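> To start, I am sharing the structure in question, which I have written as structure tokens.
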Amino acid sequence: MTESSTSHVVVVGGGFGGLQAVKKLARAGARVTLLDRHNYHLFQPLTYQVATGGLAPGDIAVPLRHVLGGYSQVSVLMGEVTGFDLEAREVVFDPPVGSPGARLAYDGLIVAAGSNYSYFGHEDWRSVALEVKSLDSAVEVRGRILAAFEAAESHPQDAADWLTFVVVGAGPTGVEIAGQIAELAHSTLAGEFRHIDPASARVLLVEIADHVLGTFSAPLPTRAAEALEQLGVTPMLRHTVVDVRPDGVELRGRAPGPDGRVGETTQVPAHTVVWAAGVTANPLAASLGQAAGAEVDRSGRVAVQPDLSLRGHPEVMAIGDMVTVIDAKTGQVRTLPGLAPVAMQQGRYAGTTLARRLAGREPRRPFHYHDKGSMATIGRARAVVQMGPIRFWGFLAWVTWLVVHIFYLIGFENRIVVMLRWGYGYFTRRRGNRLITGEIRAGASSGRGGEG
């Protein structure tokens, strides 16, 4: 029996990185407690498909206890982490039932709390312009999108306002959800309404940069923009959001070029706004940084050592979207892409490294990210893929995107269900998860005639 088999490791966060860390630790013989505010693992790259009715919530989420049921030394606790006592080696959290401020002792700690969308200091916009990073929010976005069509049917004189959809941010998520809303309007809902034409919907994709998919290399941004326009999406490049209200958004444009002059503001009447711009780290990153005296950047990410540990606390590691990594050779702080492969590679490395450290052995080498490329889907049979110097788009890229996402989905049942839903949607252009559930607040509050 190794020393790690008697050590207790707490992993905060059951996302891509957290799960990989738990599995590595469990296989090394450590006793592990996974602490998460949800009882499920969410396949976040596909939440936008829940938001547009292509998939059901259960298709992309699986209970954590089911995923880890085969590891007898792994426990799962549900709770909201509120802080860390690094000197006492305790995690402070609020359980779903009982008194807040519970404490969980650890010998080793891995924090994989992820990130949130940043509203750039305008927190009042958050309730109006919903994001699709969480499952609950994706379901609410689905309700707002569908309720907008119902409101337009009930009030055809105001249909233009109700059928204007604004997506803020033209990164992969923004591009993907804008394309899906356009397909929903132009294909899925065709012939289902009597007083409006769903295809008259406008989908505006607002982006401050000069092109969509800014992290992709040429010619992929151009190809993606062309595909979006073919679907009926209007990219509004070089535009900044000035204000967001339940009845519309205010935009300000600028001239092309890095020194483009700021233009006049434009009022866009709209009741449905989806936010996909800017990312900020989970507040737990700043909490860790403060406790350890580590650097925290403007986006709230905490700087970790080359082995992903916190300065002065080799028993504490942080991974994923909430960290920047100090380069072992240059000493410079590097920001890695906020992608699932990054979190998974860091999770595996952190689990292996911490298990070795608890057993009295040091890691063999610093963490190194192996870039496997990036991809984004724009719509039916349209996608772009970048793998190092290889770039391609169109149907082949779309098939590649499908295969990769099916492969990374957790659970055999989920893979089968998602493949069937995608196959059905491809041949029929239909979506079977177009339910409006719960209360539709803010932008669509006055158009709730179509719940059911």
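> For the subset of the range 420-440 comprising residues that are among the aliphatic types (A, V, I, L, M) and surrounded by 15 or more Cβ atoms within 10 Å (Cβ to Cβ), which member is nearest to His186 (Cα to Cα)?
Going through the range 420-440, the residues among the aliphatic types (A, V, I, L, M) turn out to be 420, 435-436, 440.
Among the residues that remain, those that are also surrounded by 15 or more Cβ atoms within 10 Å (Cβ to Cβ) are: 436, 440.
Numbers: Ile436: 19, Ile440: 23 Å.
Top of the filtered list is Ile436.
> Ok, one more. Would you please name the residue that is nearest to the chain's Cα centre (by Cα), looking only at residues in the range 372-382 that are farther than 19 Å from Gly338 by Cβ and not β-branched (Val, Ile, Thr)?
So, considering only residues that are farther than 19 Å from Gly338 by Cβ and not β-branched (Val, Ile, Thr), the one nearest to the chain's Cα centre (by Cα) is Gly379.
> In addition: Residues of the range 107-146 being among the polar types (S, T, N, Q), farther than 25 Å from Val10 by Cβ and in contact with a helix residue (DSSP H, G or I) (Cβ under 7 Å, 6 or more places away or on another chain), which ones?
Ser127
> Identify, by number, the condition in (1) without any contact (Cβ under 8 Å) to a residue 40 or more places away in the chain; (2) under 23 Å from Leu19 (Cβ atoms); (3) surrounded by fewer than 18 Cβ atoms within 10 Å (Cβ to Cβ) that Leu339 doesn't meet.
Only one criterion in (1) without any contact (Cβ under 8 Å) to a residue 40 or more places away in the chain; (2) under 23 Å from Leu19 (Cβ atoms); (3) surrounded by fewer than 18 Cβ atoms within 10 Å (Cβ to Cβ) is unmet by Leu339, namely (3).
> Next up: Name the residue that is farthest from Arg421 (Cα to Cα), counting only residues in the range 36-57 that are of a type in the set (A, V, I, L, M) and in contact with a strand residue (DSSP E or B) (Cβ under 8 Å, 6 or more places away or on another chain).
Per the stated criteria, the residue is Leu42.
Listed here are the residues, each with its yes/no results for (1) farther than 18 Å from Ala285 by Cβ; (2) modelled with pLDDT of 95 or more; (3) among the basic types (Lys, Arg); (4) surrounded by fewer than 24 Cβ atoms within 10 Å (Cβ to Cβ).
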{"residue": "Val304", "(1), (2), (3), (4)": "no, yes, no, no"}
{"residue": "Gly312", "(1), (2), (3), (4)": "no, no, no, yes"}
{"residue": "Ala318", "(1), (2), (3), (4)": "no, yes, no, no"}
{"residue": "Asp321", "(1), (2), (3), (4)": "no, no, no, no"}
{"residue": "Lys329", "(1), (2), (3), (4)": "yes, no, yes, yes"}
{"residue": "Arg334", "(1), (2), (3), (4)": "no, no, yes, yes"}
{"residue": "Ala343", "(1), (2), (3), (4)": "no, yes, no, no"}
{"residue": "Gln346", "(1), (2), (3), (4)": "no, yes, no, no"}
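> Give me the pairs, please: first residue somewhere in the range 215-228 and under 15 Å from Gly388 (Cβ atoms), second residue anywhere and surrounded by fewer than 15 Cβ atoms within 10 Å (Cβ to Cβ), beta-carbon distance under 8 Å, and either six or more positions apart or on two chains.
Thr215/Pro337
> Sticking with this one: Give, as residue ranges, the helices (runs of 4 or more DSSP H) completely inside the range 1-72 that count at least 3 residues that are buried (at least 23 other Cβ atoms within 10 Å of the Cβ). Spell out the reasoning first.
Working: elements: 16-27, 47-51, 64-67.
So the answer is 16-27, 47-51.
> Looking at Thr272, Thr266, Thr222, Thr240, which one is at pLDDT 95 or above and under 30 Å from Arg142 (Cβ atoms)? Walk me through how you get there before you give the answer.
On the way: Thr266 fails: at pLDDT 95 or above; Thr222 fails: under 30 Å from Arg142 (Cβ atoms); Thr240 fails: at pLDDT 95 or above.
Only one candidate qualifies: Thr272.
> Next question. Could you check how many residues of the range 100-141 are of a type in the set (Lys, Arg) and under 16 Å from the mean Cα position of the chain (by Cα)?
2
> Among the residues of the range 272-323 satisfying the criterion of being within 21 Å of Trp125 (Cβ to Cβ), in a loop (DSSP other than H, G, I, E, B) and aliphatic (A, V, I, L, M), which is nearest to the chain's Cα centre (by Cα)?
Ranking the qualifying residues of the range 272-323, first place goes to Ala276.
The values are calculated or read from the model by the stated rules, or taken from the named source; none is laboratory data. Only a predicted model underlies this, so the values are computations on that prediction, with no experimental measurement involved. So basically every Cβ, Gly included, is an ideal-geometry build from the backbone, and we count neighbours across all protein chains shown.
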